Amino acid sequence: MEKFDKNYIIGFVLLFLMYGGYMYFYPPTTPEPVAETAVTEQALEASAQAPLTPAQAAFDTAAIKAKFGDFSGAVIGEDKEIVLENKDLLVTLSSKGGAIKRVELKDHKTYDSFINNEESALVLIDENSSKLDLEVQTATGPLNLTDLYFQVNSSDSKSAVFNLTLANGESIEQTYTLADEGFALDYDLNFNGTSRSIQNQPINVKWENKLKKLENDLEENRKAAQINFYETDGDFEDYGLGSTGDIEETAEDNVNWFTFKQKYFTTGLISKNQAFQNLALVLNTPQNDTTVVKDAIVTAQLPMQSANSLKFYFGPNEMKELKDVAPDFHKNLYLGYDIVKPINRFVFVPLFNWLEKFFSNYGFLIIAVVLLIKTTLTPLLYKSYVSSAKMRILAPEIAEIKEKVGDDQVKQQQETMNLYKQVGVSPLSGCVPMLLQMPILMSVFFLFPNMEMFRQKSFLWASDLSTYDAPISWGFDLPVIGNHLSLFVVLMTLSSLAFTYYNNQITPSQPGPIDMKKLSYIFPLVFFFVLNSFPAALSFYYLVSNLVTIAQQLIVRRFVDEDKIRKVLDENKRNYASKPKKKNKFSSYLEKQLQAQEEANRQKAKELKEKKKKR
């Protein structure tokens, strides 16, 4: 071990003693505080710290006065909670900012609490997920009303009034009013004689809202989360539907209302006496937080007025609730493409709401809807079946035509069309009734995934008809099919294949390069993968629809006399032979097209033959 030098040790000790003595006899002096105009975090949190010295207190008061001016007396206060309640909502308000602190939907639950049989109600927003700022301009700079403490003037179970009175008699008043039932909360913001302390500049509105995961399938919920707004020129805009990417957009016109719309619930703000200006939105999808669907931010401006009348909506996406909130507010309920929206809005939604009065079991309600729709469409089904019967009767003659002309497709079509003309049969007559039913099938495809009615309603093995039933599931994702198997979708697919098989047996093959009978088996299999993650209510509807259609065809078949139809076709053929030939425009056009095609084929064959000779 190396020894330390004695002189080194002595010198170190002497230096230590000298420094210690200097610090003892000459302590450092505290400099006088320098005047500042900006408010520090220490100043803003003064009320939460230990008692301050007079000098510190004077500094904090000056800093607060510099930032808040006439409103500095409202920076420190007591946070009191006021609860408003009606049949549907429980709203907690805070005297700090006079703001909405929490909104609870009394008769609804999140999916997780429903599955776990918990008593907790659905909290749509709270102070951790939502923050609404209202910023005004003062002589000392921008002022956020949520930073100020208001006095509770009056309150009861349906209304609350918050007031902030300044020393010069000016005041700001916020009034919340809740009806006896419903999901709307009226809000009035009044500035009483504040022209001296608040500048006549627009109010800056900023609402940050972390949209909570309320339903089962996180991915589908993220695709359904969006921001909607309604412009003063009547245009409805929606952003985020079907997307899990990040979005930034701005409104081209002033806006009457905007909403944060989730799969089955909407949070919105409506201005009743003036329009929002310069609205901008941001939608971000958090990658690592599975409790949040999307992070949403809306910023806008409201013209400064002494009285500002607004309305909040916190509720389900149900037509009966949305339609009376504001003009076109019902558009927050997505009803599909424009071609099917009228069917959903004026047929299916009223039909479901009407039948809901008679059926407490929503599986039986779906069955009732199918029976009513199918009964209404029975004439179309009958006409389609009769057309199919005519084609079956003509099948032997069509086969003879094919054998006579060989592989010449154009000639086959010409001769076949000539046969149809003779017997008075249109090949499209069987397709038209089926095509008329397509809007019905498309309508329910868009409607069921957005119907809050089926949310947390059970039927058979499905605990919640608004999401997929998964009696068979596994803990990992497979390509295309995911992590589960929906039994309703399996049964629907089997019924679709059975219907396709039955339909192919009674439908003759049509001439053409593609065998449509074989192709028809592919569609049920494709829909199996498409619908596996869709709501069980939709799969069950299609299952019942398939079964009822098969039963209808079996019944209709008993009322269709094919021998009688054959006699009618033969009679039509004899009458056609004895009558002078008159061609309508469509027949003439079709005949010309076939002749042109035949001539083109002949010319092409001739050219190929000449090329072979030259070789």
Between Asn503 and Met417, what is the FRET efficiency for a Förster distance of 22 Å, r being their Cβ-Cβ separation, to the nearest 0.05? 0.40
Long-range amide H contacts for Arg102: which residues qualify at under 5 Å (H placed 1.01 Å from N, peptide plane, sequence gap of 5 or more or a different chain)? Thr92
Determine one quarter of the surface area of the Cα convex hull of the range 177-286, which equals its mean projected area, and express it in nm² to one decimal. 9.1 nm²
Arg574-Leu218 pseudo-label distance in nm [points 7 Å out on the Cα-to-Cβ vector]: 7.6 nm
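What does the convex hull of the alpha-carbon atoms of the range 122-227 project to on average, in nm²?
The number I arrive at for the range 122-227 is 9.1 nm².
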Whole-percent carbon and sulfur contribution to the accessible surface of the range 459-506 (1.4 Å, no ligands, DNA or RNA) stands at 66 percent
Solvent-accessible area per residue for the range 95-216 at a 1.4 Å probe radius, Å²? 44 Å²
Distance between the C-alpha centers of the range 105-139 and the range 360-398? Whole Å please. 47 Å
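Ignoring ligands, DNA and RNA, what percent of the 1.4 Å accessible area of the range 142-218 is carbon and sulfur?
Numbers: 1360 of 3210 Å².
Whole-percent figure for carbon plus sulfur exposure: 42.
Just how large is the dipole of the range 436-556 about the Cα centre, in debye to the nearest 20, putting +1 at every Lys and Arg Cβ and -1 at every Asp and Glu Cβ?
Details: 4 positive and 5 negative charges, 45 e Å.
So the magnitude is around 220 debye.
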Ignoring any ligand, DNA or RNA, what whole percent of the accessible area of the range 270-394 comes from carbon and sulfur when the probe is 1.4 angstrom? 58 percent
Segments 251-259, 69-77, 469-477, 603-611 sorted - mean Cβ within 10 Å per residue, highest first: 251-259, 69-77, 469-477, 603-611
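The values are calculated or read from the model by the stated rules, or taken from the named source; none is laboratory data. Since this is a predicted model, take the numbers as computed values, not measurements. Reconstructed Cβ throughout: ideal geometry from the backbone, glycine too, with neighbour counts over all protein chains shown. Just the protein is used for accessible areas: all its heavy atoms, side chains included, with ligands, DNA and RNA removed. Shrake-Rupley method; radii C 1.70, N 1.55, O 1.52, S 1.80 Å.
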